[in-house]
Amino acid sequence: MKIGILGTGVVGKTLATGLVKLGHDVRMGARSAGGDKAKAWVREAGGKSSEGTFADAAAHGEMVFNCTSGAGSLEALNAAGAGNLQGKILVDVANPLDFSRGMPPTLTVCNTDSLAEQIQRAFPKVRVVKSLNTVTAALMV
Ligand SMILES: NC(=O)c1ccc[n+]([C@@H]2O[C@H](COP(=O)([O-])OP(=O)(O)OC[C@H]3O[C@@H](n4cnc5c(N)ncnc54)[C@H](OP(=O)(O)O)[C@@H]3O)[C@@H](O)[C@H]2O)c1
């Protein structure tokens, strides 16, 4: 299956690597194509791995994973493009953590709303599924 991974952090790399090992065709997306982290991941992962912009990864994937920081997720998804995400399942792994006042972090949205609901409202034609966000990256695959 063709899968798009938005984000080059520990979660993006962990999920992308696990999916490549299962034989999937995985494109990792970042703010710009050819970044050091994404290129290093392609070298390590081998198989059907590739990298590009958020838009490249979203267009590539039949299914897409949001592995960006929660506070930046809407910005990243806007860069990915509604047209590239339309009709697809978007697995939202992000937590909307606010570290601006130190540790422990607070949530940028909670109680009466959530990041996944914000994403679903912003992208009504995307099938948003909140998953995996309550476990540490090492346990996600
Ligand atoms: N780490 C875990 O075990 C774990 C477990 C459950 C859920 N999560 C959640 O999963 C998500 C990813 O976690 P992580 O540990 O992989 O984080 P990370 O290493 O900090 O990676 C975050 C990614 O988001 C991108 N990003 C941040 N702000 C952005 C913005 N404004 N616009 C576009 N892209 C932006 C970063 O790009 P740049 O490198 O260009 O800044 C990077 O690719 C987070 O929401 C986190 O809360 C993490």
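The values are calculated or read from the model by the stated rules, or taken from the named source; none is laboratory data. The structure presented is a predicted model; accordingly, all values stated were derived computationally and were not measured. We place every Cβ from the backbone using ideal geometry, glycine too, and count neighbours over all the protein chains shown.
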Of all residues in segment 19-35 being within 16 Å of the ligand (Cβ to nearest atom), more than 30 Å from residue 110 (Cα to Cα) and of a type in the set (A, V, I, L, M, F, W, C), the one that is surrounded by the most Cβ atoms within 10 Å (Cβ to Cβ): 26
Cβ-Cβ under 8 Å pairs, at least 6 apart or on other chains, segment 35-49 side touching a residue at least 40 places away in the same chain (Cβ under 8 Å), far side surrounded by 15 or more Cβ atoms within 10 Å (Cβ to Cβ) and assigned to a helix (DSSP H, G or I): none
Residue 108 being within 13 Å of the ligand (Cβ to nearest atom), more than 18 Å from residue 128 (Cβ to Cβ) and surrounded by fewer than 24 Cβ atoms within 10 Å (Cβ to Cβ): no
Contacts under 6 angstrom Cβ, first residue in segment 1-18 being over 12 Å from residue 57 (Cα atoms) and touching a residue at least 24 places away in the same chain (Cβ under 8 Å), partner near the ligand (Cβ under 8 Å from one of its atoms) and in a helix (DSSP H, G or I), 6 or more apart: 10/137; 11/137; 14/137
The one condition in (1) of a type in the set (S, T, N, Q); (2) in contact (Cβ under 8 Å) with a residue 40 or more places away in the chain; (3) more than 20 Å from residue 8 (Cβ to Cβ); (4) within 15 Å of the ligand (Cβ to nearest atom) that residue 86 fails to fulfil: (4)
Every residue from segment 36-49 that is surrounded by fewer than 17 Cβ atoms within 10 Å (Cβ to Cβ) and on the phi < 0 side of the Ramachandran plot: 36, 37, 39, 40, 43, 44, 48
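Considering only segment 117-128, state which residues are in contact (Cβ under 8 Å) with a residue 24 or more places away in the chain and either charged (D, E, K, R) or farther than 19 Å from residue 81 by Cβ (or both).
Answer for segment 117-128, where residues must be in contact (Cβ under 8 Å) with a residue 24 or more places away in the chain and either charged (D, E, K, R) or farther than 19 Å from residue 81 by Cβ (or both): 125, 127.
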Any hit, segment 67-76, residues being of a type outside the set (Phe, Trp, Tyr), away from the ligand (no atom under 11 Å from the Cβ) and modelled with pLDDT of 95 or more: no
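Quick one: which of 45, 55, 16 is out of contact with any His (no Cβ under 8 Å at 6 or more places or on another chain) and closer than 19 Å to residue 131 by Cα?
Numbers: 45 fails: closer than 19 Å to residue 131 by Cα; 55 fails: closer than 19 Å to residue 131 by Cα.
Within the list 45, 55, 16, the selection yields 16.
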